[in-house]
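Read through the structure below, which is laid out as structure tokens, and then see the notes.
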Amino acid sequence: MHAPTKSKILVVEDEPSIQQVLCFFLTHNGFEVLGVSSGQDAIRAIAEFDPHLIILDLIMRPVSGWDVLAWLRVNHPSPPLPVIILSALVNLKEQMHGFEEGAVEYITKPTQPSAIVERVRFILSMSTEQRSLLQRKRLDEQRRTLARLATTQREGFVY
């Protein structure tokens, strides 16, 4: 009888301190973790490391997280690899775009590493169908919020 294999998490984060903290917390919680700091390294690591889930920053140069999501859609379409976006981009339209591009979760920085570990556990516990439903639900929530904001802005604020 051999030990169960650990879930592999690829952390794509160009800020060294954030990458180190995430890798530490995930490793400490029983995951096999690889941290990379660019989109090019992420694309290479996906093939070599074969992760079960990716935590992805969006703003990196020259290859961004958006580029990685587009590459994944073409090169890893089925079953889709679950991606948690971890970004300082807080604009709802960007978050909606993240879900449209295939992310199953969008977490804004800064956030507690323990909260990220819990989201990773939760998403890995789901079936592909459940992740797809979650992604659609998040996208619908973003659309409703944007529609409400647009209505509020049209009506103006009354004091």
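Structure notes:
- Any hit, segment 18-36, residues being part of a loop (DSSP other than H, G, I, E, B) and under 21 Å from Glu94 (Cβ atoms): no
- If you go through segment 80-96 and keep only what is over 12 Å from the mean Cα position of the chain (by Cα) and in a helix (DSSP H, G or I), you end up with Leu92, Lys93, Glu94, Met96.
- Any hit, segment 61-79, residues being outside any helix (DSSP H, G or I) and touching a strand residue (DSSP E or B) at 6+ places or on another chain (Cβ under 9 Å): no
- Number of the condition not met by Pro51 [criteria: (1) out of contact with any Gly (no Cβ under 7 Å at 6 or more places or on another chain); (2) assigned to a helix (DSSP H, G or I); (3) at pLDDT 95 or above; (4) not aromatic (Phe, Trp, Tyr)]: (2)
- Verdict on Val63 being touching a residue at least 24 places away in the same chain (Cβ under 8 Å), crowded, with 20+ Cβ neighbours inside 10 Å, within 23 Å of Met96 (Cα to Cα) and among the β-branched types (Val, Ile, Thr): no
- Taken together, the criteria place Arg144 among residues that are without any contact (Cβ under 8 Å) to a residue 40 or more places away in the chain and part of a helix (DSSP H, G or I).
- Against the test of being surrounded by fewer than 15 Cβ atoms within 10 Å (Cβ to Cβ) and either over 15 Å from the mean Cα position of the chain (by Cα) or at pLDDT 95 or above (or both), the options Gly35, Gly30 yield a single qualifying residue, Gly30.
- Pick from segment 38-51, criterion touching a Lys or Arg at 6+ places or on another chain (Cβ under 7 Å) and over 23 Å from Thr108 (Cβ atoms), ranking: surrounded by the most Cβ atoms within 10 Å (Cβ to Cβ): Phe49
The values are calculated or read from the model by the stated rules, or taken from the named source; none is laboratory data. Since this is a predicted model, take the numbers as computed values, not measurements. Glycine also receives a Cβ, built like all others from the backbone with ideal geometry; neighbour counts cover every protein chain displayed.
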